[in-house]
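For reference, the structure is listed below as C-alpha cells.
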Amino acid sequence: MKICASLDWPLLHRSKYATLILLTLCVAGPLARPAVAQDLPRLEQQAIQAAVDRVADSLVQIQCVGGRQRVEGMTLGDGPGTGLIVSPDGLILTSRFHFARTPNAILVTLPSGERLAARRVATDSSRGLVLLKVDLPTGSPPLTVPPLASVASARPGAWALAVGRTFDPDAVNVSVGVISATDRVWGKAIQTDAKISPSNYGGALVDIAGRVWGLLVPLSPSRESKVAGAAWYDSGIGFAIPYETIRKILPRLARGEDLQSGFLGVSLVSEQNLFGIVPQIQRVHPDSPAATAGLQQGDRIVAVDRQPVATIAELKYQLKPHLAGDEVEILIERDGVQVGKTCVLANSGSIAWIKPEAAKQKPPAAGPLPPPRKKKRDPLDRL
C-alpha cells in the first residue's frame, strides 16, 4: 500500500508499461485503484496546467526590430522571443540568440498586455544570456518574479516543462519532457529532451510544481557564438542555465558588466584525446594569466581549485564555467614536484594567442582551380 501511495502517477502514466505496473503493484489494493488509473490523464493535465499557470505571469514576449537577417550562415526570422522577469522593477533575462541580428529597437509585452520599450543592460557571452530593462510607468504594480527550484532537484528522469511566450502574447506555450542530464556543456547547463524552438529561447525550464530550474538557451560544447547550438532546436537536445548560477552573476549584469569566458592562456597536448591523458601544457601564450603565473611548457595540470583533474575533459569541466576576472588555484606538476599557482582568468581578446604555423602550400596542378582552403585551426586545445 505504501508503494502505491507513493508512486509518481504522472510519470507512471508516461510509461508504456503503466497498466502492467499498476496491476502488479496494486492488485491487493482497494477496488478504487482502477478508477485512479482511469483518472491519470486528467490528473496529469491538471498538474501540467497548474505548473504553467504558476510561472506564466513571469514570462514576457520580446520583439527585436530591425537588424541583420543572416548571421554566421544562419537565416534569422522576424518572430518574437521569450524573456523571464528577474526583478520586480523591470529586469528581464533572455537568450543572446535573439540579439544576434543586432536589432535597432527592443519591445517587450508584459503578461498584462502592456507593451514597453526595453534596453540592453549587459550580456553574458559565456552562457548566452542578455539582461534587459524596462521602465515601468509610475503607479504600475511590481512585476512577478517566479518561484525557483533547487538545481539539486533536477534529477535525470524528473518531469520538465519548457515554457515560453511567443507569437500570442496573451498565452504561453509549453513543451513537456524530462531532465536528461545535469552539468552539461562543461558544467554550465541542465539538459532536457523537451523540444525547444528558437522563439522559446529565453523562456523557463520548469518543474512539475511550476518552479523555475533555469533559462532556456542554445549552447554548444565546442564553440561560443550568438547562434551556437541553435541548429539543435526541436531535436530533443535542449539546455537551460541553472537559475542558481544566474543569481550569482545577476548583480554584475545589473551593474552593466558584460561577462565573458575566462581563459588561462595555454594550449594543451592532443585535443583529440579529451578523456585519455593528463592535461599537459604544450604552449603558454604571451600576455596570458598562465604566463603571468609562471606556468611553463611541459607542466602537467593536476588540480583546479583543489579539485583533481586527470584528463583534459575534467580540466575543461573545472575551468569552462569560470568567467574572465575569476581567480583560480592551479596545481601543476613539474619535474616530479607539485607547485601551486594563482591565476586571474582573462578574456580571450586580451591574450596574444600564437597562431599555428601555416601549412606549406604546393603549387597548383594544371586543371580546375581547387576549392578555397579553410582557415587553419590551432590543432591544440586552448583554455
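Observations on the structure shown:
- Among the candidates Ala204, Ala189, Ala230, Ala194, residue that is at pLDDT 95 or above and either of a type in the set (A, V, I, L, M, F, W, C) or closer than 23 Å to Leu91 by Cα (or both): Ala204
- Sole exception among (1) touching a Ser or Thr at 6+ places or on another chain (Cβ under 9 Å); (2) at pLDDT 90 or above; (3) among the small types (Gly, Ala, Ser) for Gly276, by number: (2)
- Scanning the stretch 143-161 for residues that are at pLDDT below 95 and in contact with a Leu (Cβ under 8 Å, 6 or more places away or on another chain), we see that the one that is nearest to Glu44 (Cα to Cα) is Trp159.
- Per this entry, Ile246 is not counted among residues that are modelled with pLDDT of 90 or more, surrounded by fewer than 23 Cβ atoms within 10 Å (Cβ to Cβ), part of a loop (DSSP other than H, G, I, E, B) and not polar (S, T, N, Q).
- Filtered residue count, the stretch 162-190, keeping only those that are part of a loop (DSSP other than H, G, I, E, B) and surrounded by fewer than 18 Cβ atoms within 10 Å (Cβ to Cβ): 4
- Residue check, Gly67 in the same structural domain as Val217 (by TED's automatic domain parsing), more than 30 Å from Ile179 (Cβ to Cβ), modelled with pLDDT under 90 and surrounded by 15 or more Cβ atoms within 10 Å (Cβ to Cβ): yes
- The listed residues are Leu76, Leu22, and the only one of them that is assigned by TED's automatic domain parsing to the domain that holds Val212, over 22 Å from Tyr243 (Cα atoms), modelled with pLDDT under 80 and surrounded by 18 or more Cβ atoms within 10 Å (Cβ to Cβ) turns out to be Leu76.
- Residues of the stretch 310-328 satisfying the condition of being within 27 Å of Leu129 (Cβ to Cβ) and either among the hydrophobic types (A, V, I, L, M, F, W, C) or not in a loop (DSSP other than H, G, I, E, B) (or both): Ile312, Ala313, Glu314, Leu315, Lys316, Tyr317, Gln318, Leu319, Leu323, Ala324, Glu327, Val328
- Filter result (in contact with a strand residue (DSSP E or B) (Cβ under 7 Å, 6 or more places away or on another chain), surrounded by fewer than 20 Cβ atoms within 10 Å (Cβ to Cβ) and of a type outside the set (Val, Ile, Thr)) within the stretch 148-161: Leu148, Arg155, Pro156, Gly157, Ala158
- Qualifying residue in the stretch 293-309 (condition: surrounded by fewer than 19 Cβ atoms within 10 Å (Cβ to Cβ), in a strand (DSSP E or B), within 25 Å of the chain's Cα centre (by Cα) and not assigned by TED's automatic domain parsing to the domain that holds Pro221): yes
- Checked against the criterion of being surrounded by fewer than 23 Cβ atoms within 10 Å (Cβ to Cβ), β-branched (Val, Ile, Thr) and part of a strand (DSSP E or B), the stretch 111-132 contains one or more residues that satisfy it.
- Residue list for the stretch 279-292, filter: crowded, with 16+ Cβ neighbours inside 10 Å and hydroxyl-bearing (Ser, Thr, Tyr): Ser288
- Pairing each residue of the stretch 186-209 that is closer than 17 Å to Ser220 by Cα and touching a residue at least 60 places away in the same chain (Cβ under 8 Å) with any residue that is assigned to a helix (DSSP H, G or I) and basic (Lys, Arg), provided the two are 6+ apart or on different chains, yields C-beta distances under 7 Å for Trp186/Lys316.
- Cross-chain or 6+ apart pairs with Cβ under 8 Å, the stretch 319-339 first and without any contact (Cβ under 8 Å) to a residue 12 or more places away in the chain, then among the β-branched types (Val, Ile, Thr): Val339/Ile332
- Members of the stretch 263-292 that are of a type outside the set (S, T, N, Q) and in a strand (DSSP E or B): Phe263, Val266, Leu268, Ile281, Arg283, Val284
The values are calculated or read from the model by the stated rules, or taken from the named source; none is laboratory data. Quick caveat: nothing in here was measured; it's all calculated off a predicted structure. Here the Cβ is made from the backbone with ideal geometry for all residues, glycine too, and neighbour counts use every protein chain on show.
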